[in-house]
Amino acid sequence: MGSDPQSAIASLDARSERVPPPEAFAATARVRDPEVLRRADEDWQGWWAEQAEHLRWLRPWDRVLHWDPPHAQWFVGGRLNVADNCLDRHVEAGHGDQVAFHWEGEPGDARSLTYAELRDEVARCANALRELGVGKGDRVNVYLPMIPELPVVMLACARIGAIHSVVFAGFSAQSLTDRIEDAGSRVLVTADGSYRKGRTVPLKEAADDAMAATDLVDACLVVRRTGDPVAMEPGRDHWYHEVVGRQDADCPPEPMDAEDVLFILYTSGTTGKPKGITHTTGGYLTQVASTARLVFDLQPDHDVYWCAADIGWVTGHSYIVYGPLANRVTSLLYEGAPDHPAPDRLWEMVARHRATILYTAPTAIRAFMRAGPEHPAAHDLSSLRLLGSVGEPINPEAWRWYHEHIGGGRCPIVDTWWQTETGAIMITPLPGLTHAKPGAAQQPFPGIKPVVVDDRGDPVAPGEGGYLTLQRPWPAMLRTIWGDDQRYRDTYWSRFGSDVYFAGDGAKLDEDGDLWLLGRVDDVMNVSGHRLSTTEVESALVDHPAVAEAAVSGRADALTGQAIVAFVTLAGEAEEHDGLADELRAHVADRIGKLARPAELHVAPDLPKTRSGKIMRRLLTDLAEGREPGDVTTLANPDAIRALAERTRQARAAARSPGNSE
Ligand code: WT7
C-alpha cells in the first residue's frame, strides 16, 4: 500500500461490501422505484410540493419557493398548524384510539397516550400557556426530561403559535440562562427532577439557579415527576398538573403562516456562544414528515417505532416528535439510561413492545458492542425490520455488529446524515432501494443536491476528499440564527458564495457516486501534507479486536505539520499490556498506510462524552496539544477527562525519560 491518502481511501472502498435490501423488505417498501430519485432531481420544487401535499393545509400556498440567497421561503402564502397535522387530523380520520406514545420511565413506570388523549392534553396545555400570557410568536423555554409532558409542551406551543426553545435537561443552569436570555423567553417549563441511572436529578434546582441569574422569567410551570421536594416561588412557579388540569380540552389550532417560526434549538459553533438555529413551520414539517415516511418506511398501521435519542437534541425534535406524529405512527418513548438497570434494558423493551424500527447513534451501538452480544441475544428481537444510525459516521465494524446482533441480518440499516441546521435527513440510503455500503451515508434524499468541493469551491473528482456543500435550498433548512442573521450568512453561506451551504463536514464521493462522510473539517488533520480524517483512523483502530472506542486528534508537530494522537478504550476481554500501543499503531499503518499511524496512543478506561453520547474531541485535542482541557461542564463523565489527562502526562514523561527514546 502506498503512502498517499487517496490510495488509502481507495483500499477502504475495495474492502467495503455492498449489502442489497433484504428481499422481503424490498417487496413492500414505500420506495422501490429508482425513478423517484431521477424525477425529484429534474423537478425538485415539484417533488417537494408533492411531499407537502401529504399535510393538511388551512390555506394553499401561492408559490413553492422564494429563494433570495441565502434566505429561503417555502410554500409562500400557505397556512397550516403543526399540532393540527400531528394530532387533530388523525383523530378526525378515526384513529383517536391508536397509541401515539408508549412511554416508559426509567424506574419502570409506564403510560400510554392515544392520539385522542395526546390531542386533549396538548389543547389543555395550550390553554394553560395562554393563561400565563403566552401568545403567538412568544418564546417558551422548555427544560424537561424524557417524559410525555415534553412533546406535549412542544405541541402546545405549536398549537398556539408560540416558539419553543428546548434545552437538553443535561445542560447546566448557566447554559439554560444563556439560552433564555438569547431567546428572550418569559416562560419556562421544567420538572421537579428526573431519573438517571437509578438516581434522581434535581432539575428544578438548576432551573431556579438559571432563573435567579436573569430577570426575564416571570412564569414557571413545574411538572411533578420524582416527587422530591422543591422550592416553589409564589406568583412565579406553578404546578403543571394544577394549571393544565383545570383547563378545557378545546383549543382550536392557530392557522400559522408557512414561514412562521416553529422553534429555536441551540447548537455549538466554533465560538463559545451557542447558535439559536431557527426553524419555521411549513417547510420543516414537509421534509421531516417526508423523510420519516420514506427513510424509515413508516407503516402507520403496523409499526412500533423507536428513536432512542433525547428530545433535547434535533434528532428528537424531528424524529421522536414531529416526523412520527405527522405520519400517525406508534412510538416508544423512554426516559432513562440504556443500561439501567441492566445492559439489556433496550433489548428487553424492544422485545416486550415488539418494536419494528430502531434509530440510534453509533456511539450507543459501540457501547452495546462493548457490553457484549449476549445481552441482545437473550431477547426476541425478531420484530425489528429496520435500523437507523445518526450523529456521526458509523464505522463499518459497528455497522456489521448492529446488522448481525440487533438486526439478525434481516434489517436494512439507514445511515442518515443531517444536522441541527438542516432540520431533517439529507443524505441517506433508501431502505428498499439502496445497496448499502457499511460506513457510508451514500445518497442524497430525493430533491437534495450535495456537492463535494475543493478549497476553491470546484467539485472534486471521485475518490478525492473535499468539503460537503448543499447547492439547492431545502424545505427544512434553518432560516437564520436567532437574533444574528450576519452570523448565519458568515457561518454557512460565505465560504463558497451566498447560494452554497457550507456544512462544515468533510466528504468524498466514491467511484459509484456514493457519499462518505469524513467527519467535521475542524477534525481533519494534515500530516506531512496529506489530509487525513480522524474518522478513518478511528475506524481502523476500532477495527482491531482489542479496541472498543477510539478518538483521534491532531497536534502540532514541527516535522510533519500535524501528528496524530489517538485515545482508545479496550473491548470487554482485552487487557492493557506492553506493546499493545505499538500493535495498534501498526494495525492502523496496516489498514490505511504509515502516514495514518498515530504518533501517540493512550489507552483509557473511558472517553469524555457529552450527555448525548458524542465524544468531545475538543477536549482530546486540548490533551493532544498538551493544554489543560477546556470547558467540561457538558460532559456526561467529567472524571474521564481528568483520568486521561493524568495518563497522557505520565506516558509523555515516560517517553521523555532516558533510555526510552523511539
Ligand atoms: C453533525 C451534526 C443530525 C442529528 C444529530 C447530530 C455529524 C450526523 C452523521 C452521519 C456522518 C454525521 C456531522 C454533522 N453527523 N449524522 N450519518 N454520518 N456524520 O446533529 O449535533 O447538529 O451534528 O453530526 O458531522 O455535521 P448535530
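A few comments on the model shown:
- Here the dipole of the chain is about 240 debye; that uses its Cα centre as origin and unit charges on the Cβ of Lys and Arg (positive) and Asp and Glu (negative).
- Modelled FRET efficiency - R0 30 Å, Glu511 with His54, Cβ distances, 0.05 increments: 0.25
- Relative to the longest principal axis of the Cα atoms of the chain, helix 282-295 runs at roughly 60 degrees.
- The calculated FRET efficiency for the pair Arg456 and Ala110, based on their C-beta separation and a Förster distance of 35 Å, comes to about 0.05.
- Residues in segment 352-367 carry Karplus couplings, in order, of 5, 8, 6, 4, 10, 9, 10, 10, 8, 10, x, 4, 5, 4, 5, 5 Hz; the curve used is 6.51 cos²θ - 1.76 cosθ + 1.60 with θ = phi - 60°, and Gly or Pro positions show x.
- Helix 173-183 and the longest principal axis of the Cα set of the chain meet at an angle near 60°.
- Unit charges on C-beta of K, R, D, E only; dipole of segment 382-488, Debye: 460 debye
- Mean Cβ count within 10 Å, highest first, over the residues of peptides 247-258, 61-72, 604-615, 646-657: 604-615, 247-258, 61-72, 646-657
- Other-chain or far-sequence residues with amide H under 5 Å of Val140's (modelled H): Ile163, His164, Ser165
- Of Ser553, Ala581, Leu262, farthest towards positive along the dipole that unit charges on Lys, Arg, Asp, Glu beta carbons give the chain: Leu262
- Other residues within the sphere of radius under 14 Å centred on the Cβ of Asn637, judged by their own Cβ, net out at +2 (K and R +1, D and E -1).
- Residues Asp97 and Ala26, FRET efficiency given R0 of 30 Å [Cβ-Cβ distance, rounded to 0.05]: 0.40
- When peptides 307-313, 237-243, 283-289 are sorted by average Cβ neighbour count within 10 Å, with the highest value leading, the order is 283-289, 307-313, 237-243.
- MRE, 222 nm, helices only [DSSP H, n ≥ 4, -39500 (n - 2.57), over the chain, to nearest 500]: -8500 deg cm²/dmol
- Rounded to whole numbers, the Karplus 3J(HN,Hα) couplings from phi for segment 124-133 are 5, 5, 4, 5, 5, 4, 4, 4, 7, x Hz, using 6.51 cos²θ - 1.76 cosθ + 1.60 with θ = phi - 60°, and x at Gly and Pro.
- Beta bridges per DSSP with both ends in segment 528-654, % antiparallel, nearest 5: 75 percent
- Sequence-distant residues sharing a close amide H with Gln419 (under 5 Å, placed H): Ala424
- In summary, segment 407-548 shows an alpha-carbon radius of gyration equal to 1.12 times the 2.2 N^0.38 Å reference for compact globular proteins.
- Other-chain or far-sequence residues with amide H under 5 Å of Arg520's (modelled H): Gly506
- Couplings 3J(HN,Hα) for segment 97-105, derived from phi with the Karplus relation 6.51 cos²θ - 1.76 cosθ + 1.60 (θ = phi - 60°), are 8, 6, 6, 8, 10, 8, 9, 10, x Hz, where x marks Gly and Pro.
- When every Cα-Cα distance of segment 279-355 is counted in 5 angstrom steps from zero, the calculated P(r) takes the values 3, 15, 24, 23, 17, 10, 5, 2, 0 percent.
- Lysines with Cα under 30 Å of Lys204, excluding same-chain neighbours fewer than 8 positions away: Lys136, Lys273, Lys275, Lys609, Lys614
Rule-based calculations on the coordinates, nothing more; no lab input. Note that the coordinates shown come from a computational prediction; the quantities given were computed from them, not determined experimentally. Backbone-built Cβ (ideal geometry, glycine too); neighbour counts: all protein chains shown.
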